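Below is one structure, written out as structure tokens; the observations come after it.
The values are calculated or read from the model by the stated rules, or taken from the named source; none is laboratory data. These numbers were taken from a predicted model, which means no experiment stands behind them. We place every Cβ from the backbone using ideal geometry, glycine too, and count neighbours over all the protein chains shown.
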Amino acid sequence: MLLELARWLAEDIRAFNVFSYITLRAVLAMMTSLAICWSFGPMLIRKLTEYKIGQSVRDDGPKSHLTKAGTPTMGGALILISLGLTTLLWADLSNRYIWVVLAVTLGFGAVGWVDDWRKVVDRNPKGLSARAKFFWSSIFAAGAAIYLGLTPQVPAQLDLIVPFFKSVAYPLGALGFMVLTYLVIVGTSHAVNLTDGLDGLATMPAVMVSGALAIFAYVAGNAVFSRYLGVPFIPGAGELTIFCGALCGAGLGFLWFNAYPAEVFMGDVGALALGAALGTVAVVVRQEIVLFIMGGLFVAETLSVMIQVLYFKWSGGKRIFRMAPLHHHYELGGWKETQVVVRFWIITLMLVLFGLSTLKLR
């Protein structure tokens, strides 16, 4: 019975020529990655618990976090597995942008995996050294930057697009584009990693930003829509809609287990990879400034750390925030963890909607 049903379904899909419809494949990719996370999440959590791969909690942080000690971490591997399998299943594998984004995402995920493994399994509190983490992150980001910078399909791919203006774009040239691409990928990756400090805090904003980037990718890859909305036409960029859909599904599937109180944390393996994925997609569709707007939460979290460190050194030990990153500042100010998370989600939603408005407000 099931085999017969599967045969009929396969015949219907072939007859419908599903691969000619990007939007349908994006929806199917989202559903597939979500189903993979739901199916394999409990098993992964059991294995992580069995091998005692638990999170260590800093004792100088909010006291409410001490109860999180021992919660399984490195759950971001579930996101990468579902994202990778789903993309390979539904995306056009002859599209070079798919391979670039996948390579960067998995590369940063590998860096995060090594860091998490050394911290949790090898009991090395330093994990991967900051220098080594920066080096390997730079290798993957620079590789993508060089490849994209040397093989533009249209001249507009080397321009910095300014939102809200139809005809304002700054030619960067190949070198300038490579530098910008490198900074966006590395910066976004570490910004998401800094934000990942509360249950679900980084996951849902990453899903929302990814969903918005899916729309930008679809528009950029469609000659008619891109001309109408005044954005650069990037041949092949529309295929990234499938990747973004898969990322949304994987993120939502992981959030099922990561919502308060979290059953599993994503760890650096997930946070670094998610940030790198968002940065790379934004670069391909030429929406770096819009990513800065939509990912305002990630920007604020990063700036809070930078400001705190600089002011601490300059003032001889004084602090601006009660604790950095920013979410801890509000926790120590009396907000409950769930309040911080949901309010930050609402802020991100407003920023994403504002970013999407740049498609029309030109």
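Worth a mention:
- Yes/no for VAL290 being at pLDDT 95 or above and in a helix (DSSP H, G or I): yes
- Here ASP116, ASP122, ASP92 are screened, and the one residue that is of a type in the set (D, E, K, R), in contact with a helix residue (DSSP H, G or I) (Cβ under 7 Å, 6 or more places away or on another chain) and surrounded by fewer than 24 Cβ atoms within 10 Å (Cβ to Cβ) is ASP92.
- Within region 311-327, the set of residues being buried (at least 19 other Cβ atoms within 10 Å of the Cβ) and assigned to a helix (DSSP H, G or I) comprises LEU326, HIS327.
- Of the helices (runs of 4 or more DSSP H) lying entirely inside region 131-244, those carrying at least 2 residues that are within 27 Å of TRP90 (Cβ to Cβ) and in contact with a Gly (Cβ under 6 Å, 6 or more places away or on another chain) are 173-195, 203-220.
Yes/no matrix, rows are residues, columns are (1) of a type in the set (A, V, I, L, M); (2) under 16 Å from the mean Cα position of the chain (by Cα):
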{"site": "PHE233", "(1), (2)": "no, no"}
{"site": "GLY236", "(1), (2)": "no, no"}
{"site": "CYS248", "(1), (2)": "no, yes"}
{"site": "LEU252", "(1), (2)": "yes, yes"}
{"site": "LEU291", "(1), (2)": "yes, yes"}
{"site": "GLU301", "(1), (2)": "no, yes"}
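- Residue within region 187-197 that is in contact with a Phe, Trp or Tyr (Cβ under 9 Å, 6 or more places away or on another chain), free of Cβ contacts under 8 Å to residues at least 60 places away in the same chain and not basic (Lys, Arg) present: no
- Just so you know, in region 123-164 the residues that are over 16 Å from TRP113 (Cβ atoms) and among the β-branched types (Val, Ile, Thr) include one that is modelled with the highest pLDDT, and it is ILE146.
- Of the criteria (1) touching a helix residue (DSSP H, G or I) at 6+ places or on another chain (Cβ under 7 Å); (2) assigned to a helix (DSSP H, G or I), which one GLN308 fails: (1)
- Among the conditions (1) assigned to a helix (DSSP H, G or I); (2) surrounded by fewer than 23 Cβ atoms within 10 Å (Cβ to Cβ), the only one that LEU274 does not satisfy is (2).
- Within region 125-150, restricting attention to residues that are in contact (Cβ under 8 Å) with a residue 12 or more places away in the chain and polar (S, T, N, Q), the residue that is surrounded by the fewest Cβ atoms within 10 Å (Cβ to Cβ) is SER138.
- On inspection, GLY75 qualifies as under 30 Å from TRP38 (Cβ atoms), surrounded by 19 or more Cβ atoms within 10 Å (Cβ to Cβ), at pLDDT 90 or above and not charged (D, E, K, R).
- Looking only at region 147-170, and only at residues there that are of a type in the set (Val, Ile, Thr) and more than 15 Å from VAL283 (Cβ to Cβ), the one that is farthest from the chain's Cα centre (by Cα): VAL168
- Check on THR302, in contact (Cβ under 8 Å) with a residue 24 or more places away in the chain, under 17 Å from ALA103 (Cα atoms) and surrounded by 17 or more Cβ atoms within 10 Å (Cβ to Cβ): no
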